[in-house]
Amino acid sequence: MNLDPEFLVQSDTDLAGLYRPPSTLVIRKVMNYLDADFQRIIAAAPLVLLATHGETGVDCSPRGDPGQAAFVDDPHTLVLPDRPGNNRIDSIRNILHDPQVGLLFLVPGVNEGFRVNGVARLTRDPAVLERYAYLGRPPVTLIVVEVHEAFLHCARALLRSDIWNLERRSGPVLPNFAQMLSQQVQAAVRDQDLAVEDDR
């Protein structure tokens with residue numbers, strides 16, 4: 001997309017001309033610990049989106065478990081099990097290089113989100129991992145987050161998207177994801193083979 005330089009937003013001054021200042025409530029709602037209400041939200045959230053940053057860029061990864069995706073250790077600490085998956089471990093690698101993380105918790109049917117920002121560490125302590133076993137299998141590692149900011153996110157985005165409306169489910173409109181992946185991988189292999197041929 002060709003963007004007109006005249007209209008690029010490049011400074012705090014530019015932003016001030018576009019957006020109203022946040023209300024006092026929006027600023028003061030941020031807490032640095034998990035109170036009883038926040039802990040109940042985490043216990044009810046089977047899905048959390050984990051945002052990280054590392055040497056190769058940024059990543060946002062969904063994490064989910066039946067019941068709840070993360071656990072509160074104390075008001076300043078939450079625990080996110082990292083269970084076996086596709087082994088890309090983008091988020092895990094990112095945490096090694098930059099421990100700052102952002103989390104967005106979602107509860108089915110609830111339009112407000114719950115956000116936590118903090119600093120993460122990784123542990124592989126077998127005794128600790130065993131506490132968070134699922135179907136008899138402990139996670140590979142635990143992401144232990146020191147909570148720096150915790151706050152509710154307003155409902156506007158989820159209300160606008162109508163995400164919880166079952167009538168909006170796409171059904172067969174979307175392509176089969178397994179077929180998509182197969183086709184993409186085959187195309188990548190073909191492109192790689194052509195590149196090798198060109199280099200000969």
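FYI, it's all coordinate maths here, none of it is from the lab. What you see is a predicted model; the values in this text were computed from it and never measured. Cβ sites come from the backbone with ideal geometry, for glycine too, and all protein chains shown count toward neighbours.
In this calculation the C-beta distance from L122 to L152 is compared with R0 = 30 Å, giving a FRET efficiency of 0.60. For E6 and E130, FRET efficiency with R0 = 41 Å and r from the beta-carbon atoms, rounded to 0.05? Here the calculated transfer efficiency is 0.10.
Proximity of backbone amide H atoms, modeled 1.01 Å from N, is registered between H76 and L34 at under 5 Å, excluding neighbours fewer than 5 places apart on the same chain.
Averaging Cα coordinates gives a centre for segment 124-144 and one for segment 6-57; these two points are 29 Å apart. Under the simplified labelling scheme, the T13-V58 pair shows an inter-label distance of 2.6 nm, with each label point 7 Å from Cα along Cα→Cβ.
3J(HN,Hα) along segment 49-66: 9, 10, 9, 9, 9, x, 5, 9, x, 10, 8, 9, 10, x, 10, x, 8, x Hz, from the Karplus curve 6.51 cos²θ - 1.76 cosθ + 1.60 with θ = phi - 60°, whole Hz, x for Gly and Pro.
Label positions at N32 and Q186, each projected 7 Å from the Cα along the C-beta direction, are separated by 5.6 nm.
By count of other Cβ within 10 Å, fewest leading, how are Y19, Y132 ordered?
Working: Y19 8, Y132 17.
Going from sparsest to densest Cβ surroundings: Y19, Y132.
Model label sites at W164 and D74, defined 7 Å from Cα along the beta-carbon direction, differ in position by 3.4 nm. Proximity of backbone amide H atoms, modeled 1.01 Å from N, is registered between F114 and F105, H153 at under 5 Å, excluding neighbours fewer than 5 places apart on the same chain. About the centre of its Cα atoms, segment 22-165 shows a dipole size close to 240 debye [charges on the beta carbon of Lys, Arg (+1) and Asp, Glu (-1) only; nearest 20 debye].
Which peptide among 134-144, 98-108 comes first, and what is the full order, when sorted by highest mean count of other Cβ atoms within 10 Å? Spell out each step's value before the answer.
Working: 134-144: 15.7, 98-108: 18.5.
My ranking of the peptides, most packed first, is 98-108, 134-144.
Per-residue ellipticity at 222 nm computed for the chain from its helices equals -8500 deg cm²/dmol, with DSSP H segments shorter than 4 residues left out and the rest contributing -39,500 (n - 2.57).
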